[in-house]
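Have a look at the structure below, then the notes.
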Amino acid sequence: MNQFWIQSLRTIVGSGTPLLIAALGEMITEKSGVVNLSLDGSLLLSSLVGFVIASHFGVAWGVIAACITGSLMAFLLAFQTIRRRQSQTMVGYVLMMLGIALSDFLGQPFVMKPGPYWSRTPLPILSQVPVVGEIFFNQSPFVYFSLLLVAVCWFWLEKTRHGLELRAIGENPESAFRRGIPVNKLRFLYTLVGGCFVGLAGASYSLGIRPGWTRGHTLGEGWLALALVIFGGWNPIRVLLGAYLFASLTSASGLVQKLIPGLPPQLSGVAPYTMMIIALMFVQNRSVFKRYKAPEALGRPFKE
Amino acid sequence: MEVETTDWRSNVRRKWIRSLQFLLPIVATVVVVGILFWMLGAPPLHAFWQIIDGGLGDWMKIGNTLLLFCPLLICALGLLYTFKAGQWNIGMEGQVTAGAIAVTLVVRLGDQLPRSVLLMLMLLVAMIAGALWAAFCGLLKVKGQVSEIFSGMGLNFIASGVTIFLICGPWRQSTGATLSGTTPYPEQALLPRLSSSRFSWVGLALAIAMLALTYLVLKRTTWGVMLRSIGLSQRSLITKRLNPSRRIMEAFLVSGAMAGTAGFIQTAGVYQKLVVSIAGNIGFLAIFSVLLAGNDILKLVPICLFFSLVMKGGSRLQQLYQFDYSVGLLVQILGVFFVILASGLSNRKGD
């Protein structure tokens, strides 16, 4: 396999990682029955906070701060929708706009400022493996996190009793409750966990593939992550494949942009959203995607 | 079956909660915004006064605030149709933009026409363009089962991209492409104005007309009641006979047409050309207005007035303290956020 393909695949894996992490987090939240529409705002805010903290205390603390920010946003959502039984769409939407406006306003002093980030660190033995090693194991630590998280999510969901309970509270909370599973407590917990993932994803932008901070640094990515959960059929492996597929299509559109000079430059900026709509249309309507059904109780508050 | 309690204690508590739900958001917003202002170097009280003064300081400013109010109210009214049908028309921002783009096209092609003909044509085209853009969301929902939230947001981004392309490309100013917008409209493409303010009776007339129309249609026509039934339950046997898909499409078309009208006012009145953020967040603010107003159509008026005041006053803060231009939006969103927190108080367990 020649170098060009290997390098391209490596770039794709790297650039698809933030979306992957965010989508995994949202997948967990949705598996438990909660939709977190605030992703776009959450990503922006946590990526800003991560950048600011990292500039003063180093990248590791920045990542932790970003995760906490993501969880905080998720906490607000969880509290209002689970404890106060308000509409998940409404609360998520307001939180999204809040995140965007706060990050625009508070981020002013940090625009275009240089900051630290996690650069590529090849893993000792694994990166020596002929093709796979170069693509997956010569990356920034965020990529390693993402792969680990995919494995953990898959194992948790498929192989543990906790994972079964998670699936239960999202599919049929009434029966789960009758069996003694604390539906709302678990929903709260899983929403927080999902939010933590989203925070990590935010950090992987400003401290990873898109170092620094600009206005609207990650604007729109949250929606792509949300769509990715649907496109991946709420399954961690398919979400991973979807994220990389998406990253490759985005790179391809950027390439097309460069190769055909007559095209308007905004095309590659707009392409992801067109692809998102097409992908959703595809998944909702082909019967071959029957196994991609959403958790039954998604979006419905559960009254204990 | 629930037995209504006549316990005087819980009645008093409920009254307390209602007043808190009104006061708490106001206090919380003022406090938090005050802290944010102070953190960024602006004396809070002075900044608050500037917002009010910037919006209501003199007749010209009042006129401009009212001009911002009109498209906002029209969008909020448009959203009522889709909300009643159970849909979240988040794509309104893009529909306003689509209307604005169509208006600009007409202005570029038809600036030889007499003023009244030109303006009416602009309005018509704006409504059609907005309706068509909304039709995409409707079709994707009805035929494709794609959530209108995703198609709406996606189409928003696409509309935004198209606008930037036009401003920097085919429709750029003759002095060179600039992000400040296209060449300003010629005089006959502008809404008739009062003296130095940009306020136009046309905007106000449109807003009032749509308010009356929406009130009548939603409350007094069969179609309005059908929309409401569909919003409440899409799967019951009764609503199946109402052809919900068709109704949802109709709701989106109406909503989009009104968004287009707002786009018309934004271009021919407020900005007087096509700019990058021509919808100016009206689509999103309109959603907040509807959320705050609940089921009460008339409440939209004071809420939208308040939002336009903060928008207008907020731009003053931007000049004075070099605040980011999102400051007005931030104040509004914080207000909505606290209202939502407070309204949750009545859902506490045990109440």
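Summary table
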quantity: Positions within segment A:110-135 being more than 11 Å from chain B (Cβ to nearest Cβ) and in contact (Cβ under 8 Å) with a residue 60 or more places away in the chain, in sequence order; calculated: A:F110, A:M112, A:K113, A:P114, A:G115, A:P116, A:Y117, A:W118, A:V131, A:E134, A:I135
quantity: Within segment B:158-184, tally of residues that are among the β-branched types (V, I, T) and in a helix (DSSP H, G or I); calculated: 5
quantity: Residue satisfying all of: in segment B:107-144; within 11 Å of chain A (Cβ to nearest Cβ) and either of a type in the set (K, R) or closer than 13 Å to B:V96 by Cβ (or both); surrounded by the fewest Cβ atoms within 10 Å (Cβ to Cβ) among these; calculated: B:K143
quantity: Residues satisfying the stated conditions in segment B:294-337, i.e. farther than 17 Å from B:A76 by Cα, more than 8 Å from chain A (Cβ to nearest Cβ) and among the hydroxyl-bearing types (S, T, Y); calculated: B:S315, B:Y321, B:Y325
quantity: Whichever residue in segment B:227-267 is of a type in the set (D, E, K, R) and under 29 Å from B:P71 (Cα atoms) and, among such residues, is surrounded by the most Cβ atoms within 10 Å (Cβ to Cβ); calculated: B:R247
quantity: B:P170 vs. criteria surrounded by fewer than 19 Cβ atoms within 10 Å (Cβ to Cβ) and within 14 Å of chain A (Cβ to nearest Cβ); calculated: yes
quantity: Exclusive hit being within 9 Å of chain B (Cβ to nearest Cβ) and under 25 Å from B:G335 (Cβ atoms), set A:G70, A:G107; calculated: A:G107
quantity: Condition met for B:V103 (at pLDDT 90 or above, touching a Phe, Trp or Tyr at 6+ places or on another chain (Cβ under 7 Å) and among the β-branched types (V, I, T)); calculated: yes
quantity: A:T191 being in contact (Cβ under 8 Å) with a residue 24 or more places away in the chain, within 14 Å of chain B (Cβ to nearest Cβ) and of a type in the set (S, T, Y); calculated: no
quantity: Helices (runs of 4 or more DSSP H) wholly inside segment A:201-304 containing at least 3 residues that are surrounded by 21 or more Cβ atoms within 10 Å (Cβ to Cβ) and within 9 Å of chain B (Cβ to nearest Cβ); calculated: A:221-231, A:267-285
quantity: Filtered residue count, segment B:28-64, keeping only those that are outside any helix (DSSP H, G or I) and either at pLDDT below 85 or over 17 Å from B:Q322 (Cα atoms) (or both); calculated: 5
quantity: Test: residue in segment B:254-277 that is more than 24 Å from A:F79 (Cα to Cα), within 14 Å of chain A (Cβ to nearest Cβ) and of a type outside the set (S, T, Y); calculated: yes
quantity: Residue within segment B:338-349 that is modelled with pLDDT under 90, out of contact with any strand residue (DSSP E or B) (no Cβ under 7 Å at 6 or more places or on another chain) and away from chain A (no Cβ under 14 Å) present; calculated: no
quantity: Residues within segment A:119-153 that are among the β-branched types (V, I, T) and in contact with a Lys or Arg (Cβ under 7 Å, 6 or more places away or on another chain), tallied; calculated: 1
quantity: Selection status of B:S116, closer than 19 Å to B:V202 by Cα and in a helix (DSSP H, G or I); calculated: yes
quantity: Residue match in segment A:159-175 (condition: more than 24 Å from A:L298 (Cβ to Cβ) and either of a type in the set (F, W, Y) or assigned to a helix (DSSP H, G or I) (or both)); calculated: no
quantity: Residue within segment A:57-64 that is within 14 Å of chain B (Cβ to nearest Cβ) and surrounded by fewer than 24 Cβ atoms within 10 Å (Cβ to Cβ) present; calculated: no
quantity: Complete set of residues in segment A:136-160 that are over 25 Å from A:S47 (Cβ atoms) and either touching a His at 6+ places or on another chain (Cβ under 8 Å) or in contact (Cβ under 8 Å) with a residue 40 or more places away in the chain (or both); calculated: A:W154, A:W156, A:L157
quantity: Residue among B:S160, B:S147 that is within 14 Å of chain A (Cβ to nearest Cβ), of a type in the set (S, T, Y) and over 20 Å from the mean Cα position of the chain (by Cα); calculated: B:S147
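The values are calculated or read from the model by the stated rules, or taken from the named source; none is laboratory data. Every value quoted in this text rests on a predicted model; they were computed, and no experiment measured them. FYI the Cβ positions are ideal-geometry reconstructions off the backbone, even for glycines, and counts take in every protein chain you see.
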